[in-house]
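Worksheet: the structure to be examined is printed underneath.
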Amino acid sequence: MKKLLTSTLAIATAFSISSCGGNNKDKAATPDAIPDSAKRETPVVAVTGQEVKYSDGSTSLVGYVAYDSASVAKRPVVLVVPEWWGLNDYAKSRARQLAELGYLAIAVDYYGNGQQANDPAAAMKLSGPFYKDFSLGKKRFDAALAKIKTYPQADTSKIAAIGYCFGGAQVLNVARQGEHLLGVVSFHGGLVGVTPDKSIEKARILVCHGEADQMVTKEEVAKFKKQMDSVGIAYTFRSYPGAGHAFTNPAATELGKKFNIPVAYNEAADKASWEDMKNFFAEIFK
């Protein structure tokens, strides 16, 4: 078993596939504690979360939409691309957190039919095609984008995306393929994929990276920065000391031990990166 897991990790690294925390029901980290006095003055947000069916050609997809059902006002849209485990409870919890912040969020089904992976080998098999064919990822992203735009609450002039691990790599790739987004945020995602082209890049970029990440190496970070700088594409790069791969997911530490892979939760980096995302959104959604 150990030999199998070691082999799986080696292949995954060769494809720049980043492993992440898995199913994690209602354990997503929240921002720093708010004083009781402030809580009493905070409006109640009635978050509604629901599965939604759509398709990419002949492939049936099952996403998850979250929003504040107490308001019919237009609001910015945020797409959430999951880790390589697929659209699980963790990705859904992030969509709900975004809804609490006032956004209309959709967690995207990349694999089809809501498929999820329970081990690294299965995750590698499901995610591998998206690293080989970047256009496949954009098609799945576009299908979710088209679906969320049909919601009456969607402000279609204000759209962004976030992604975790595999999802972080995917949101960077759709941005580098010229997707019409105001911004993307990659949390501990792979950094090298589609070759950047300033003439088509439209989205602003925030990268949230763990300084101690063994999956997204220093060499990959250097290559990403060199590629972006060489064509003059602006980006913001946040590096969190002591944080390893999958640092935002509370389930990562347990899964790292279970599968002998270098992933672990880091509460400080999780909270700091979420705040960085909030500040980034406040800027791009002005």
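Side notes on the structure shown:
- Selected residue (criterion: surrounded by the fewest Cβ atoms within 10 Å (Cβ to Cβ)) from residues of the stretch 133-177 that are outside any helix (DSSP H, G or I) and in contact with a Ser or Thr (Cβ under 9 Å, 6 or more places away or on another chain): Lys149
- Pairing residues of the stretch 242-256 that are at positive phi and small (Gly, Ala, Ser) with residues that are at pLDDT 95 or above and surrounded by fewer than 24 Cβ atoms within 10 Å (Cβ to Cβ), at Cβ distances under 6 Å and at least 6 apart in sequence or on separate chains, gives Gly242/Ala212.
- Only a single criterion out of (1) of a type in the set (A, V, I, L, M); (2) over 26 Å from Ala272 (Cα atoms); (3) assigned to a loop (DSSP other than H, G, I, E, B) is not satisfied by Val192, namely (2).
- A search for C-beta distances below 8 Å between a residue of the stretch 160-188 that is of a type in the set (S, T, N, Q) and any residue that is in a loop (DSSP other than H, G, I, E, B), counting only pairs 6+ apart in sequence or on different chains, returns Gln170/Tyr110; Gln170/Gly189; Asn173/Gly193; Asn173/Val194; Gln177/Val194; Gln177/Ile200.
- Check on Asp213, crowded, with 22+ Cβ neighbours inside 10 Å, part of a loop (DSSP other than H, G, I, E, B) and in contact with a Gly (Cβ under 9 Å, 6 or more places away or on another chain): yes
- For the stretch 114-156, the set of residues classified as acidic (Asp, Glu) and either modelled with pLDDT under 95 or touching a Pro at 6+ places or on another chain (Cβ under 6 Å) (or both) consists of Asp155 only.
- Every pair of residues 6+ apart whose Cβ atoms lie under 8 Å, when the first sits in the stretch 79-93 and is closer than 16 Å to Gly256 by Cβ while the second is charged (D, E, K, R) and at pLDDT 95 or above: Tyr90/Glu83
- Within the stretch 114-129, tally of residues that are under 18 Å from Val174 (Cα atoms) and surrounded by fewer than 24 Cβ atoms within 10 Å (Cβ to Cβ): 2
- Reported count of residues in the stretch 199-217, each being basic (Lys, Arg) and under 18 Å from Ser273 (Cβ atoms), is 1.
- Helices (runs of 4 or more DSSP H) lying entirely in the stretch 216-286 (those with 1 or more residues that are crowded, with 18+ Cβ neighbours inside 10 Å, touching a Gly at 6+ places or on another chain (Cβ under 8 Å) and at pLDDT 95 or above): 252-259, 267-284
- Here Gly163 passes the criteria (1) in contact with a helix residue (DSSP H, G or I) (Cβ under 6 Å, 6 or more places away or on another chain); (2) over 25 Å from Val52 (Cα atoms); (3) not polar (S, T, N, Q) except the one numbered (2).
The values are calculated or read from the model by the stated rules, or taken from the named source; none is laboratory data. Worth saying up front: this structure is predicted, and the values here are computed from it rather than measured. So basically every Cβ, Gly included, is an ideal-geometry build from the backbone, and we count neighbours across all protein chains shown.
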